[in-house]
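Structure, as structure tokens:
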Amino acid sequence: MITITINGKEIKLEKPVTVLEAAKSAGIKIPTLCSHEQLEKYGGCRLCLVEVEKIPRLQTACTLMVADGMVIKTETEQIADVRRGILEFLLINHPLDCPYCDKAGECELQDLVVKYGPATSRFKEKKRKVPGGLEDPILVRNMERCIVCTRCVRMCEGVQGASAIAVINRGGHSHIEPFSGGRFDCEYCGNCVSVCPVGSIMSRLHRHSYRPWQLMSETETICPYCGVGCTLVVQVRDDIIKRVVPRIGTPVNNGLLCSRGRFGYEFVGSKERLTTPLIKKNGMLEQATWEEAISLVAKRLGEIKDNFGSSAMGGIASPRCTNEDNYVFQKFMRVVLETNNIDSTARTGFAGAQGFIENIFGQGATANIIPGLSNSDAVFIIGGDPTAINPILGLQIRACSRGGGNILTIGHIKGLEKFNPVVLKPEFYSETVLLEGIVSALKNKKGLPGSNQKLEAKVKGINTAVEEIGEKCGITEEDFTKFIEILSESSTPSIVIGKEIAQSSGGSYKLLLISAINYLMNARIYLLSERANEQGLLDMGCAPDLLPGYRTLTFAEFRKRYETAWKVSLPEKTGLSIFEMIDAAKNGSLKAVYIMGENPVFNLPNSKAVEEALKNIDFIVVQDIFLTETGKLADVVLPALSWSEKDGTFTNMERRIQRLRKAVNREGMEDWMIIAEISKNMGAKFNYSEAEDVFKEIARVSPLYRDMTYEEIEKGDAIYPYKGEPLRGVTEEIQVHNPPEPPLSKGGLRGIAAGKLYLRLERPLFHSGTLSRKAPALVNIYPEAVARISLATAKSLSLKAGDIVKVSTKIGSLELPVEIDKKVDSSAIMLSNNFEDKGAFSLMEYTIDPVIKAPCLDGNEAKIEKVK
Amino acid sequence: MFSEAAIKELEEIRQKYPSARAALLPAIYIAQKEFGWLSQDAYEAVANALGVPKAIARGVGTFYAMYKHKPLGRNIVQLCTNVSCMILGAERLVDFLKNKYGLEPGGTTPDGRFSLVIMECIGACGTAPAMLVNDDFYENLTEEYIEEILGKYK
């Protein structure tokens, strides 16, 4: 126990902390500018100087560690003098432009000067001028205001790991600049904006549009973008979102955000939002009233059910909608339309992968706490760049590296290249061999533990020699041995799996091998999730084989529970997956489809074929916030309320349930409410008056969520396995699909013809599905679709950045500007699937893995030619 | 892009320091020798060669006044105007350079032959006024002597 005295008050401390922290814990405020709880100690601004008995000079409270018996004074005449002096120095150059500075009102310097500062200046010289700073579309710099506390630089380097900004020049001329001196070339996380104590780095999105004290409400909610589920504070004035900020102390993101979360909110107020229902008349979508639209949907769905039966109907749920929306959606499909044909785009990877892993290890195998990653001593990453797909999770991996942990990656991962990764980069189609090799080597080193016979039976026979890896994967024995050594010697490893595993050839077999690595290493699995409520949608039963609570539909016992709860008899047969629905639409057996908050015409591979298939369907209902590609094909389009306009819950990838709150008022109905209205029209009793009623029902009917309430979720206790009953026992045989690798072509490449390139999907940091198109800030950062090619490809076709190329595959072609990216494989071309009419999925065919039912995107070959 | 010789030199320097970042100062100096001055491209080359973020490399370089951040002439005249030199007429020499060669402090002659940098004390107070031309040291300067010296540099 350490006892110290601050301002005559005795403070007892368990462990040594800084004087600043000790004072804070006792409620004594010491002014600071450079110190920030998320950043390393710096001791630069000198404002926190305190008197310590027996030390002759003033000490900086932010760097001085307490010692037993220390007597400290924080408010004396001498300290007041010093503070006044420091502030006077800062004001030599800091302009007094508070009347038009957006920071005024929440400016730390302003507050300090009001409290401690001099009322007048003794300096007659002019303040410095620092021209520029307005070049960037998002981040506005005003460097005349900069007090060089370096918080932003320390944030950028020490937390975000981008190192995009630095202090340049020296003395009175020093200020902060990105490398170019103008535009930022960075990850646009905006965490520099969060920590700037003055108005030096600010967001252009809300520039000069409000004063902090005019914000009418602050609502804590969850980010709409990815499966990490960061907590956001949405600040609103006049029902317009002015700003989105993080809060320190939140469980997942703790004061940090990524570009999408911080700058991607403008879609909510977009003028392109749907305002009224639309009904297709003579091939044109025309505005209609809610009554017309709802009664038409009820009538047509009823007719189709009567004429063609329930199996002719399907539903596509949304990983962007809340648990409540998805619960009501699947209930509607099962109870009213009486079909299990319910699925979502989670089928493109996440759902199958999770089902596969849980079948081996039991339910909850992927429910691991994200910040725990930074405490791992090794992180094994395969199948995607976590820093782009789930950026805040990516930061934990970077933190792990900074803390001395090892980063082991299969394939090159751009966002981690500065973090000393140990990389094994297998040739195309040889990932399976490499994984077999890793499993073999770990088996030899560690032996099979014997606790999971079923898994062991599957991997016992795997024995891949190092020579084979060298030959097939193009990886040297030395590199492989080093990788295995680091992996096998780690004691708290984590495994991060991206969607590319499920979307590659032999996806289920690769998942088996990764599961075996997980088993041999006793690791934790993190399954990257591209959508905010991908997990929640599955847990709510929006899958052809699942009931709410992630209960297997084919178990009569589970079905019975819901039959009792919903007072109906449920269809027994497993429904169609989203791809099976597309096939059924193609062959004409699917007559009606209800699509909530999803855009399958763009978000599914071979999108042109999806579009053609949907055109075959008699009746399509699309419920969305924008008129999407899918909406244009619909017979009825229903406008929904969006994120931040409604209440509910999201379940993130760690299976933490979090509260989504309404921040903005808008006329309209939540997704669940629209469906409930239609249900009522079809004679079902869906009586909910608010989202919480839906959740109460979920907690009542699903044993997983037993006794759970909004109140409890708000306390932050809703972490898996909650207080309910997760399913543990392994239920089914482990099955895998491992197609033979395609033969080498004449050009020496596997699976593609000579002269062609592998077409690969880019998953950009700044975009997410088609939602980010409506967020102007994100579009400004990454404005148009590009074809990323390697330097070698560029040279061989004498292309330079910006040249327009035609990328063509068997099923279509796109014209795009080219971008040269050194990190792209010389036999590949990367395309994103985010921009209208320029989606990679319009060029990609797929085959379905029969086990995980995810689309394999390998084997798409593309040709590129210069257009101009 | 660095020449092969420069890359070799950079590698040797890198070995002498515990971290890449510690080797920044000599590495930037090599870039300056290589490219004449420190353009954005030069910083980028240094950053790539050492594996240091480019913003950080530039941040470090701009701290130091003796790195060149704009293109200068073929020969750099560094003249001291501190106390001793000033008393012994350095300011007249500045005027002389301006009148005779059109060389302003911080400026470059139109033919790119000379650039003039006014520098702080070079420790030659006993033999003031003094100057450096490139790496060569000259003292006890007069107008005639300067003319003679500069004639040697083309």
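Points worth noting:
- Calculated from backbone phi, Karplus (6.51, -1.76, 1.60) coupling profile of the range A:218-229 in Hz, x at Gly/Pro: 10, 10, 8, 8, 10, 4, x, 8, 10, x, 6, x
- Cα gyration tensor category, rounded, prolate or oblate, for the range B:4-63 with a/c compared to 1.5: oblate
- Label-zone membership for the range A:616-658, site A:Lys299, 7 angstrom Cα→C-beta point, backbone N under 20 Å: A:618-623, A:634-639
- Student exercise, the protein assembly as shown dipole from Lys, Arg, Asp, Glu Cβ charges, in Debye to nearest 20: 800
- Extension gain, A:Glu220 back to A:Arg84 (0.36 nm per residue minus Cα-Cα distance, nm): 45.3 nm
- Close amide H pairs (under 5 Å, H built 1.01 Å from N) link A:Leu546 with A:Leu553, residues at least 5 positions away or on another chain.
- A helix-only calculation puts the protein assembly as shown at -9000 deg cm²/dmol for mean residue ellipticity at 222 nm, using -39500 (n - 2.57) for each DSSP H run of at least four residues, averaged over all residues.
- With Cα atoms defining each centre, the range A:841-868 and the range B:13-37 are spaced 46 Å apart in the structure.
- With contacts taken as Cα pairs under 8 Å and at least 6 residues apart, chain A reaches a relative contact order of 13 percent.
- Nearest 10 degrees, 0 to 90: helix A:671-681 Cα axis against chain A principal axis: 40
- Inter-probe distance in nm under a simple model that places probes 7 Å from Cα toward Cβ, at A:Ile719 and B:Glu144: 8.8
- Pairs from the table (A:Lys482/A:Lys823; A:Lys129/B:Lys70; A:Lys615/A:Lys662; A:Lys482/A:Lys838) lying more than 30 angstrom apart at Cα are A:Lys615/A:Lys662; A:Lys482/A:Lys838.
- Folded to 0 to 90 degrees: helix A:507-521 orientation relative to chain A principal axis, Cα: 50
- Cut-off under 5 Å, modelled amide H: who pairs with A:Gly411 long-range: A:Leu424, A:Lys425
- A Förster radius of 60 Å, combined with the Cβ-Cβ distance separating A:Glu10 from A:Cys98, puts the computed FRET efficiency at roughly 0.90.
- Unsatisfied cross-links (Cα-Cα over 19 Å) in the set A:Lys24/A:Lys103; A:Lys795/A:Lys822; A:Lys414/A:Lys499; A:Lys414/B:Lys54: A:Lys24/A:Lys103
- Cβ-Cβ FRET estimate between A:Ile240 and B:Asp111, R0 fixed at 51 Å, reported to 0.05: 0.25
- Within straight-line cross-link reach of A:Lys242, aspartates and glutamates at Cα separation under 18 Å, skipping those fewer than 8 residues along the same chain: A:Asp102, A:Glu106, A:Glu218, A:Glu220, A:Glu266, A:Glu645
- Estimated FRET transfer efficiency (A:Lys54, A:Lys29; beta-carbon r; R0 35 Å; 0.05): 0.90
- If the segment from A:Thr481 to A:Thr120 were pulled out straight at 0.36 nm per residue, it would be longer than the present Cα-Cα gap by 123.1 nm.
- Pairwise Cα distances in chain A exceed 44 Å for 33 percent of all pairs.
- Two-site label geometry, A:Asp583 and B:Val83: point separation in nm, points 7 Å out along Cα→Cβ: 9.3
- Distance between the 7 Å Cα→Cβ label points at B:Lys100 and A:Asn169: 3.4 nm.
- Anchor A:Lys331: aspartates and glutamates whose Cα lies under 17 Å away (excluding residues fewer than 8 positions away in-chain): A:Asp343, A:Asp539, A:Asp545, A:Glu563, A:Glu572, A:Glu670, A:Asp671, A:Glu677, A:Glu690, A:Glu692, A:Asp693, A:Glu697
- Paramagnetic reach from B:Met66 in the range B:117-134 [backbone N under 12 Å; point 7 Å along Cα→Cβ]: B:120-123
- Within-9-Å neighbourhood charge of A:Glu815 [Cβ basis; K, R +1; D, E -1]: +2
- Angle between chain A longest axis and helix A:290-308 axis [Cα atoms, degrees, rounded to 10]: 40
- For peptides A:76-89, A:351-364, sequence by mean Cβ density within 10 Å, most packed first: A:351-364, A:76-89
- Set of aspartates and glutamates near A:Lys472 by C-alpha distance (under 13 Å), chain-local residues within fewer than 8 positions excluded: A:Glu427, A:Glu431, A:Glu436, A:Glu741
We did not get these values from a lab; they are worked out from the coordinates using the rules stated. Model, not experiment: these values are computed from the prediction. All Cβ positions, glycine included, derive from the backbone under ideal geometry; neighbour counts span all protein chains shown.
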